[in-house]
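Visitor: I am attaching a structure below and will ask some questions about it afterwards.
The values are calculated or read from the model by the stated rules, or taken from the named source; none is laboratory data. Computed from a predicted model, the values in this text were never measured in an experiment. Neighbour counts run over all protein chains shown; Cβ positions are idealised from the backbone, glycine included. The accessibility values were calculated without ligands, DNA or RNA, using every heavy atom of the protein model including side chains. Shrake-Rupley method; radii C 1.70, N 1.55, O 1.52, S 1.80 Å.
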Amino acid sequence: MMSRLPLLLLAVALYTVVEAGIFDSMYCGRHNCYEIMGLERTATKKEINKQYRKLAKELHPDHNKADDAHEKFELLVSAYETLRNEVSRNDYDYLLDNPDVYYEHFYRFFSHSTPKVDVGPVISISLIVLTVLHYLHRHSSYNRAINYALHVPNLRNQAKQLAASEGLLDKKFFKGMTKDEAKVKENKILRDIIEEKLDIKGGYQKPEWTDILLVQLLVLPFNFGKLSWFHIRRIYKYKIMGHALDWEEKDYRTRKVLGISATQWGGLDEEKKENVL
C-alpha cells in the first residue's frame, strides 16, 4: 500500500487540477483563441488589433442584448489578451503544437501571467507534490539504511540465524544458480528478515502513512501543544521545584548533548544507554 502512495497522491493532484478548472482558466480555456477572433495563426499584430475593435463593438453587452453576449465578450477579451502579447502568443502557439505536455504549459502560463485562479487548489496541489517528494525521500533513506544494515555483522548474523532456523537458506533453494545469483537471493532473504523480524529501530524505521507531510501538518497543532506541555512540566518540576532528575529527564538531556533524536536514542540497546548515562 505504501509503495503505491506516491502514485495515488499524484493522481489526486491531477484530479484536483482538472476539477478546479485551472487548465480551463489558461488562455481561452477549451476554445481556440484564433477561432474566437476569426483569425488565422499567421495574423499580424495589426490584424489582431483591428479584428478586436470590430468584434468588441458587436459583442459588448451594452450593444448586444443576446443571452450569451457577456460570455462571448469575455472570451474575446481573453483571446485578444493572449494574442496581442508576443510572449503569451508564443506560449499559446506552443500549446497548440504540443497539447499533451500539460505541466509545461502550466508552468509557462503561470510564469508569464497573474490569472484569477482560486489559490485553494493551487495550495492543495503544492502540498500534495511536496508530500510525494517527502515520502520518496523518506523511503529512499529507509532503503539506504536497510542496505547498510545488511553489512553490519551483528544484524547480518542475526538475520542468517533466523533465516536458517526457518529453512530459507537450504541449498535446494539455490540449486542451479550461479554464485552471483545465489548471493543476490541470499541478500534478498536477509533483507526481508531484517525488515520484518529484527528490532533495529533508530534510523532504520520504515516510513508509515502517519509520517507523510500532509498528516504531519494536520497533527502539528497537537504536537506543538504536547511539546509545549512537556517543556512547561520540565521547567516547573526541575527548575522551580528542584526535584531530582529521573530517567526520562536524564534520557532527554543526554540526547540533547549527543544531538540525536528520540528515535535514534530508542534504537540503542540498554547497555549502551547505561554507559552513555
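Visitor: Filter region 160-180 down to residues that are outside any loop (DSSP other than H, G, I, E, B) and of a type in the set (Gly, Ala, Ser) and give me whichever is surrounded by the fewest Cβ atoms within 10 Å (Cβ to Cβ).
Guide: Among residues in region 160-180 that are outside any loop (DSSP other than H, G, I, E, B) and of a type in the set (Gly, Ala, Ser), the one surrounded by the fewest Cβ atoms within 10 Å (Cβ to Cβ) is 165.
Visitor: Continuing with the same structure: Of the numbered conditions (1) farther than 30 Å from residue 217 by Cα; (2) in contact (Cβ under 8 Å) with a residue 40 or more places away in the chain, residue 136 fails exactly one; give the number of that condition.
Guide: With respect to (1) farther than 30 Å from residue 217 by Cα; (2) in contact (Cβ under 8 Å) with a residue 40 or more places away in the chain, residue 136 is out only on (1).
Visitor: Follow-up. Looking at region 19-51, which of its residues are farther than 16 Å from residue 78 by Cβ and modelled with pLDDT under 90?
Guide: Listed by number, the residues that qualify are 19, 20.
Visitor: Then there is this: Within the bounds of region 33-42, is there any residue that is outside any loop (DSSP other than H, G, I, E, B) and open to solvent by 100 Å² or more (accessible area, probe 1.4 Å)?
Guide: Checked against the condition, which is being outside any loop (DSSP other than H, G, I, E, B) and open to solvent by 100 Å² or more (accessible area, probe 1.4 Å), region 33-42 yields at least one hit.
Visitor: Answer yes if at least one residue in region 181-190 is touching a residue at least 40 places away in the same chain (Cβ under 8 Å), over 28 Å from residue 251 (Cβ atoms), more than 26 Å from the chain's Cα centre (by Cα) and surrounded by 11 or more Cβ atoms within 10 Å (Cβ to Cβ), and no otherwise.
Guide: Looking through region 181-190, at least one residue is touching a residue at least 40 places away in the same chain (Cβ under 8 Å), over 28 Å from residue 251 (Cβ atoms), more than 26 Å from the chain's Cα centre (by Cα) and surrounded by 11 or more Cβ atoms within 10 Å (Cβ to Cβ).
Visitor: Is it true that some residue in region 142-159 is small (Gly, Ala, Ser), loosely packed, with under 15 Cβ neighbours inside 10 Å and part of a helix (DSSP H, G or I)?
Guide: Scanning region 142-159, I find no residue that is small (Gly, Ala, Ser), loosely packed, with under 15 Cβ neighbours inside 10 Å and part of a helix (DSSP H, G or I), so the answer is no.
Visitor: Residue 225 fails exactly one of the following numbered conditions: (1) open to solvent by less than 50 Å² (accessible area, probe 1.4 Å); (2) at pLDDT below 85. What is the number of that condition?
Guide: (2)
Visitor: Could you check region 231-277 and list, in sequence order, the residues that are surrounded by 12 or more Cβ atoms within 10 Å (Cβ to Cβ) and either of a type in the set (D, E, K, R) or modelled with pLDDT of 80 or more (or both)?
Guide: Across region 231-277, the qualifying residues are 234, 237, 238, 245, 249, 250, 251, 252, 253, 254, 255, 273.
Visitor: Can I ask one more? Restricting to region 127-141, what's the tally of residues that are surrounded by 12 or more Cβ atoms within 10 Å (Cβ to Cβ) and among the small types (Gly, Ala, Ser)?
Guide: 1
Visitor: Condition test on residue 125, is it in a helix (DSSP H, G or I) and at pLDDT 80 or above?
Guide: no
Visitor: Just checking, which of 183, 179, 201, 171 is at pLDDT below 85 and farther than 18 Å from residue 144 by Cβ?
Guide: Among 183, 179, 201, 171, only 171 is at pLDDT below 85 and farther than 18 Å from residue 144 by Cβ.
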